[in-house]
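Only one structure is covered here, and it is reproduced in the block below.
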Amino acid sequence: QVQLVESGGGLVQAGGSLRLSCAASGSIFSIKAMGWFRQAPGKEREFVGVISWSSGSTAYASSLKGRFTISRDNAKNTVYLQMNSLKPEDTAVYYCAAQKVSASWIRPNDYDYWGQGTQVTVSS
């Protein structure tokens with residue numbers, strides 16, 4: 001079992017920045033990748049980005065235009081999502097997810113563990 005806890009969400013003005021954290025505990029040795037997803041009201045959960053736990057390789061949704069960056073600190077069993085130049089369209093609940101079996105990085109169903117989510121609200 002893997003437990004994921006997100007933190008760092010909140011209310012920010014457009015153009016501002018937030019840094020989300022996702023702390024993992026439990027059977028972290030089994031984690032292959034850590035992904036970030038978000039879900040806005042009335043919309044499907046969408047892929048934000050992902051990082052390989054072992055190599056640090058990252059991939060991002062094209063729509064983010066390079067505004068978001070994922071990093072990891074293996075010693076702290078934590079991954080981060082740095083969000084810059086935030087827009088109202090970024091308002092959503094942000095989730096981190098752990099993948100224990102190599103699979104697609106962009107499909108939510110290919111992740112095995114999920115955090116509870118943290119709300120990010122960007123005002124105009």
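Before moving on, here are some points about what is shown:
- Surface accessible to a 1.4 Å probe, per residue, for the residues of the chain, Å²: 51 Å²
- Residues in the range 35-40 carry Karplus couplings, in order, of x, 10, 10, 9, 9, 8 Hz; the curve used is 6.51 cos²θ - 1.76 cosθ + 1.60 with θ = phi - 60°, and Gly or Pro positions show x.
- For the chain, the carbon plus sulfur part of the accessible surface works out to 48%, probe radius 1.4 Å.
- Taking all C-alpha pairs of the chain, those more than 22 Å from each other amount to 27 percent.
- In nm, spacing of pseudo-spin labels at Gln39 and Ser25 (7 Å Cα→C-beta vector): 2.4 nm
- Relative contact order [Cα under 8 Å, 6+ residues apart], the chain, whole percent: 36 percent
- Peptides 99-108, 43-52 ranked from most to least packed give 43-52, 99-108, packing being the mean of other C-beta atoms within 10 angstrom over each peptide's residues.
- Each label was represented as a point 7 Å from its Cα along the Cα-to-Cβ direction; for Gln119 and Ser7 these points are 1.9 nm apart.
- Summing charges over neighbours of Phe47, with a neighbour being any other residue whose Cβ is under 13 Å away from its Cβ, gives +1 when K and R count +1 and D and E count -1.
The values are calculated or read from the model by the stated rules, or taken from the named source; none is laboratory data. As the structure is a computational prediction, the values presented were derived from the model and not from experiment. Counting neighbours? That spans all protein chains shown, and the Cβs are built from the backbone with ideal geometry, glycine included. Ligands, DNA and RNA are excluded from the accessible area calculation, which covers all protein heavy atoms including side chains. Shrake-Rupley method; radii C 1.70, N 1.55, O 1.52, S 1.80 Å.
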